[in-house]
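Here the structure is laid out as structure tokens; the discussion comes afterwards.
What follows draws every value from the coordinates through simple rules; no lab data is involved. Bear in mind the structure is a predicted one, so any value in this text is a computation, not a measurement. Ideal geometry is used to build each Cβ from the backbone, glycine not excepted, and the neighbour counts take in all protein chains shown.
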Amino acid sequence: MCDWNDDDSLDLIVGERLGYLTWFRRTGTGELTSEGRVQAGGIDIHTDNNSWPFVTDWNEDGRKDLLVGQEGIGDPSNVFLYLNEGTSSAPVFTDTTRVLRSGAPFRDYRCAPVTEDLDLDGRKDLVLGEWYSSVRWYENSGTNADPVLTTFINLVPPDPDSFLNGNPPRINFADWDGDIDRDMITCDYYGSVFLRRNITVVGVEEEPGSSVARPGLPTVMRAPDLAQLSGRVFDNSGRDVTDQRRSLSPGVYFIQRKWSSDQVTKWPSVRRLIVVE
């Protein structure tokens with residue numbers, strides 16, 4: 001779902017069982033009408049079965065690009081990128097490239113890729129649903145305009161025997177419970193829908209003027225020496241304010257740390273909460 005033609009209405013770009021992509025435009029009355037298949041080089045985009053499109057500005061040039069996954073059993077590459085050579089309101093695609101991890105194409109079956117800045121470092125990461133029910137997070141070690149993907153962490157572990165985690169997961173992120181952080185919602189081939197809440201700790205109670213430190217919870221500090229803080233600094237809405245740390249307005253902020261390898265089933269967790277007065 002996206003505003004494909006920049007008319008302030010949400011449209012649908014839909015993948016199909018047979019591998020095509022179709023644009024459904026939302027009219028002024030709120031209805032959806034088919035505008036035909038999405039093309040590249042004047043030809044209908046046609047992947048292997050179970051195409052999964054995700055609209056994102058991959059190279060940060062202000063234009064909507066297409067990230068596309070496919071079933072691809074036995075295929076040498078299953079995540080493709082179509083860069084927009086037209087405008088944001090009238091996308092034009094001519095060719096496709098393979099998205100790489102550690103220099104090699106993705107070969108996971110039934111790939112469903114989305115981009116999401118999971119570690120809140122200001123760079124889009126790749127989150128991938130794949131055949132064996134797993135959801136993988138590939139951290140972007142490059143830049144926002146030129147992502148570099150290497151190793152992954154399983155947000156949802158693979159389940160090749162029972163597929164009880166959903167098979168294959170189709171992924172969306174949204175603040176389902178209204179607690180500011182974004183939760184993960186997945187659906188699958190069998191019609192199941194899974195909600196996985198983001199359990200990031202965002203604060204602890206404290207007495208006025210106190211400093212609180214508890215195992216596994218944030219450390220709360222009042223009027224800290226901002227010049228001595230390490231890590232990225234975010235305000236309560238999740239906006240990165242690291243470069244403004246010497247002149248932060250009064251409010252609540254937090255320092256974000258990256259996951260460690262033993263936290264593969266957890267969401268990013270806040271380790272230090274600061275209060276500026």
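Compute the Cα gyration tensor for the stretch 20-179, then decide on rounded, prolate or oblate, letting a ≥ b ≥ c be the square roots of its eigenvalues: rounded whenever a/c is under 1.5, prolate when a/b is larger than b/c in the other cases, and oblate in all that remain.
Details: a/c = 1.36, a/b = 1.32, b/c = 1.03.
Verdict is rounded for the stretch 20-179.
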- Message: If I take R0 = 25 Å and measure r between the Cβ atoms of A90 and N144 in this structure, what FRET efficiency does the formula 1/(1 + (r/R0)^6) give, to the nearest 0.05?
- Response: 0.55
- Message: Let me check I've understood the local charge: for P105, count other residues with C-beta under 12 angstrom from its C-beta, Lys and Arg +1, Asp and Glu -1. What total comes out?
- Response: +1
- Using r as the Cβ-Cβ distance of A104 and S34, and R0 as 41 Å, what FRET efficiency do you calculate, to the nearest 0.05? 0.65
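Taking R0 as 25 Å, what FRET efficiency do you get between L164 and E116 from their Cβ-Cβ distance, rounded to the nearest 0.05? Don't skip to the answer; put the middle values down first.
Details: r = 24 Å, r/R0 = 0.95.
FRET efficiency, L164 to E116: 0.60.
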- In the neighborhood of D177, defined by Cβ-to-Cβ distances under 15 Å, what is the net charge if each Lys or Arg adds +1 and each Asp or Glu adds -1? -1
- Given H placed 1.01 Å from N in the peptide plane, which residues other than close sequence neighbours of T94 have an amide H under 5 Å from its amide H? G41, E85
- Dipole of the stretch 108-197, positive direction: furthest Cα of Y138, T186, F173, with charges on the beta-carbon: T186
- Under a 5 Å amide H to amide H cut-off, with H placed in plane at 1.01 Å, what residues pair with E16 once short-range neighbours are removed? S51
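Determine the dipole magnitude for the stretch 1-149: charges of +1 sit on the beta-carbon of Lys and Arg, -1 on that of Asp and Glu, nothing else is charged, the reference point is the Cα centre, and the result goes in debye to the nearest 20.
So the dipole magnitude of the stretch 1-149 works out to roughly 460 debye.
Hey, got a sec? Which chymotrypsin sites (Phe, Trp or Tyr not before Pro) in the stretch 100-195 land in a DSSP loop and have at most 12 other Cβ atoms within 10 Å?
On the way: sites: F106, Y109, W131, Y132, W137, Y138, F152, F163, F173, W176, Y189, Y190, F194; in loops: F106, Y109, W131, Y132, F163, W176, Y189, Y190.
Loop-located and lightly packed - Y190.
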